Amino acid sequence: MQQRSRRHILRTISALGGIGLGALIYRWLPRATSSATEPPPLPPAPVIVPRKAWGASPPNHTAINEYGIASSPLETNWYVYRDDLKQVYNTVAIHHSAHLLASDETMKSIQDLHMRRNGWADIGYHYGIDRDGVIYEGRNIQARGASVAGYNTGTIGVVVMGNFETDQPLEAQLTALQQMVNWLAAFYELSHLAGHGEFNSETVCPGRNLSAYLDQVALAAGLQRGISGHVPPR
């Protein structure tokens, strides 16, 4: 009915004022609704402090526990994804840093700990959130993280600074975490959200007080809870 009405209007206008006028107005008439479902718009991208701004050290590819560059995701050392990241990533893993909020921890101190004590090539997390809700770039998103032993392939690591076995997460942190997860879920077309301890049962990370919010964060981002979205490397 809508298409017939459009053609009728066009014929009438053309007869009265010429085809040029008719074609011009035709462009502004309502179009038939497409049957295809268009994807929803991306949520706003969060403001992320880049590595250079927080004084990140460059990756050390001679690190004893992440030595050299892997040529296959089956290798455990530093690996740079070659495929479209939307095809690679499926899960966002939430961590706490396990240092008290009162310590005013920084991304640089976390990176130093990971590189010097853990012997990793770089900070293990892809993103960090401080006590003020400021979001930081961590390990390059193109590189596999080092945050959930045995499950790093396809997993984005996000650390919230604090010891949430003891501390309560601050409102600014929860707001930033939700915004970050919303954006990651939409941009990389993720399917799942999990706490670190769901991957590795020997840890209580991200702490009981932050874990209590993970169902809510996942629901708001349209993600399923748990680790069942993980796809082993092959």
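Here the helices (runs of 4 or more DSSP H) wholly within the stretch 99-206 that include at least 3 residues being under 26 Å from Val47 (Cβ atoms) and of a type in the set (Gly, Ala, Ser) are 171-187. Output the residue which, of all residues in the stretch 70-127 that are at positive phi and at pLDDT 95 or above, is surrounded by the fewest Cβ atoms within 10 Å (Cβ to Cβ). If we take residues in the stretch 70-127 being at positive phi and at pLDDT 95 or above, then Gly119 is surrounded by the fewest Cβ atoms within 10 Å (Cβ to Cβ).
Among the residues of the stretch 71-92, those identified as in contact with a strand residue (DSSP E or B) (Cβ under 6 Å, 6 or more places away or on another chain) and either among the hydrophobic types (A, V, I, L, M, F, W, C) or not in a loop (DSSP other than H, G, I, E, B) (or both) are Trp78, Val80, Thr91, Val92. Before we move on, is Asn200 over 15 Å from the mean Cα position of the chain (by Cα) and modelled with pLDDT of 95 or more? Here the answer is yes, as Asn200 does meet what is asked. Which residue is nearest to Pro169 (Cα to Cα), if the candidates are limited to the stretch 123-145 and must be in contact with a helix residue (DSSP H, G or I) (Cβ under 7 Å, 6 or more places away or on another chain) and of a type in the set (D, E, K, R)? Filtering the stretch 123-145 for residues that are in contact with a helix residue (DSSP H, G or I) (Cβ under 7 Å, 6 or more places away or on another chain) and of a type in the set (D, E, K, R), the one nearest to Pro169 (Cα to Cα) comes out as Arg131.
Checking every residue in the stretch 108-129 against the condition of being under 17 Å from Glu198 (Cα atoms), over 14 Å from the mean Cα position of the chain (by Cα) and of a type in the set (Phe, Trp, Tyr) gives zero matches.
Test Glu137 against the stated conditions and say whether it is surrounded by 21 or more Cβ atoms within 10 Å (Cβ to Cβ) and of a type in the set (Asp, Glu). Before the answer, list the steps.
Details: surrounded by 21 or more Cβ atoms within 10 Å (Cβ to Cβ): no; of a type in the set (Asp, Glu): yes.
For Glu137, the condition - surrounded by 21 or more Cβ atoms within 10 Å (Cβ to Cβ) and of a type in the set (Asp, Glu) - is not met.
Of note, Pro232 satisfies the criterion of being out of contact with any Lys or Arg (no Cβ under 7 Å at 6 or more places or on another chain), over 12 Å from Val92 (Cα atoms) and not assigned by TED's automatic domain parsing to the domain that holds Leu85.
Would you confirm whether any residue within the stretch 14-28 is touching a helix residue (DSSP H, G or I) at 6+ places or on another chain (Cβ under 8 Å) and modelled with pLDDT of 55 or more? Within the stretch 14-28 (the criterion being touching a helix residue (DSSP H, G or I) at 6+ places or on another chain (Cβ under 8 Å) and modelled with pLDDT of 55 or more), the answer is no, since none of the residues qualifies. Residue count for the stretch 207-232, restricted to those that are aliphatic (A, V, I, L, M), buried (at least 19 other Cβ atoms within 10 Å of the Cβ) and not in a loop (DSSP other than H, G, I, E, B): 5. Which of the residues that make up the stretch 49-65 are within 30 Å of Arg208 (Cα to Cα) and either at pLDDT below 95 or among the charged types (D, E, K, R) (or both)? Of everything in the stretch 49-65, those that are within 30 Å of Arg208 (Cα to Cα) and either at pLDDT below 95 or among the charged types (D, E, K, R) (or both) turn out to be Arg51, Asn65.
The values are calculated or read from the model by the stated rules, or taken from the named source; none is laboratory data. This one's a predicted model, so the numbers in the text were calculated from it and none came from an experiment. Neighbour counts are summed over all protein chains in view; Cβ atoms, including those assigned to glycine, are modelled from backbone coordinates with ideal geometry.
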